[in-house]
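S.K.: Got a structure for you, questions after.
Just so it is clear, none of the values below were taken in a lab; they were calculated from the coordinates. What you are looking at is a predicted structure, and each value in this text was computed from that prediction instead of being measured. Positions of Cβ are backbone-derived with ideal geometry, glycine not excepted, and every protein chain shown enters the neighbour counts.
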């Protein structure tokens, strides 16, 4: 009897050990997805900076089980417009190939070879289109586990806890609109009908626009007409978002308790400008009805330039509006002070170029320091209208 019990116990222990042994068998590796971003290549033999591509590879162990490409490329050597191709690829070792239709409907054939080490990858290949080809030759690439083509998520908790004292100032003179690409034409027609102004940069879609299927467009309009235009824009087909823009540089602003009328603002600028730029003379003033801007033109005599028959022509643009979120607050924005050297007589000697140049090799086009002049005008205008200016991260009364 004891022998029988011992035998049963032994059999049970062996079965348990066998089950544990089976449970410890290695699990199959889970599929992993990685991305290679590339931007180097050429169009019909000419180098181009308009390539924006991502090769997506899904593998299980050392075996690639799935591959696809999302690439934007120039449509011609003379155009900045890009087209986009998103297709699956067939993997054959380190070679990938496939064909499909682009966003514009062109038939495109893809052939790419991947090489390199674990730390550094290279891609070489081509996109064959009906009337031209795009060569891909990218080196020094590294894998990423995050999809570079993914659209950015919305606001974060960090954004929501931003310092209230530094909150953005809405600019009703500018509308920021996001619309589906096929509906950009409808937006342009409305803006033209309403007599507003549009930044044409949004009319040429880039790769981010093609991937998102939308275009971001900025519209300039008289702040008094902005609410009505904003409502019309929101009703257009394909419009995803439409809202007031934001003032990028609050040092351009004068904060007031009440919005001045056009005549009052022109008069106040007429008093402030001689204080800010003592040797300048106001030549003309008026209003751009499309933007609702007050425009002032001045001339400035500079002693060392006078014998050369030269003087400065200065222009200033200003807009006044009531804060759409807080009716007890209004603003005047100085939208830029430009200065250039011009002839004092009828004979024209000095060429007409850009008012300001940018970069380290900028050519000085005037004697006036326009940035300092703008700050001085804002301070003088705030003093005249009993307002405030933005200085050292705070509103300061003048």
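S.K.: What is the diffusion coefficient of region 32-141 in µm²/s, taking the Kirkwood radius over Cα pairs and the Stokes-Einstein relation at 37 °C with a viscosity of 0.692 mPa s?
M.R.: Once the numbers are plugged in, D ends up at 234 µm²/s.
S.K.: Put a dot 7 Å past each Cα toward the Cβ at residue 329 and residue 317; how far apart are the dots in nm?
M.R.: In this crude spin-label approximation the distance works out to 2.4 nm.
S.K.: For a footprinting-style exposure proxy, rank 386, 132 by other Cβ within 10 Å, fewest first. Provide the component values of the computation, followed by the final result.
M.R.: Numbers: 386 11, 132 15.
Exposure proxy ranking, most exposed first: 386, 132.
S.K.: Between 0 and 90 degrees, rounded to the nearest ten: what's the tilt of helix 370-385 against the longest Cα principal axis of the chain?
M.R.: 70
S.K.: If contacts are Cα pairs under 8 angstrom and at least 6 residues apart, what is the relative contact order of region 32-141 in percent?
M.R.: Numbers: 266 pairs, mean separation 23.0, N = 110.
Reported relative contact order: 21 percent.
S.K.: In addition: Below 8 Å between Cα atoms, with a sequence gap of 6+, how large is the relative contact order for region 171-253 in percent?
M.R.: On the way: 127 pairs, mean separation 42.1, N = 83.
It comes to 51 percent, rounded to a whole number.
S.K.: Return 254, 188 ranked ascending by Cβ neighbour count within 10 Å, so the fewest neighbours appear first.
M.R.: On the way: 254 28, 188 15.
Result, fewest neighbours first: 188, 254.
S.K.: Can you show me the helix-derived [θ] at 222 nm for the chain, built from DSSP H runs with n ≥ 4 at -39,500 (n - 2.57) apiece and divided by the number of residues, rounded to the nearest 500.
M.R.: Per the formula, -6500 deg cm²/dmol.
S.K.: Let me ask you something else. How tilted is helix 184-194 with respect to the longest principal axis of the chain? Cα atoms for both, answer in degrees (0 to 90, nearest 10).
M.R.: 20
S.K.: Considering every Cα-Cα pair within the chain, what fraction, in whole percent, is farther apart than 40 Å?
M.R.: Working: 35107 of 79003 pairs.
Percentage above 40 Å: 44.
S.K.: In nm, to one decimal, how far is the residue 208 label point from the residue 139 one, both placed 7 Å along Cα→Cβ?
M.R.: 3.0
S.K.: Here is a further query. Relative contact order for the chain using alpha-carbon pairs under 8 Å, separation at least 6, rounded to a whole percent?
M.R.: Working: 764 pairs, mean separation 42.5, N = 398.
Relative contact order here is 11 percent.
S.K.: May I ask for the angle, rounded to the nearest 10°, between helix 262-276 and the longest principal axis of the chain, with both axes built from Cα atoms and the value confined to 0 to 90°?
M.R.: Rounded to the nearest ten degrees, it is 80.
S.K.: Tell me the label-point distance for the pair residue 113, residue 338, using the 7 Å Cα-to-Cβ offset, in nm and rounded to one decimal.
M.R.: Here the answer is 5.4 nm between the modelled labels.
S.K.: Another question, then. Taking the beta-carbon count within 10 Å as an exposure proxy, list 32, 330 from fewest neighbours to most.
M.R.: Numbers: 32 12, 330 20.
Ascending Cβ contact count within 10 Å gives the list 32, 330.
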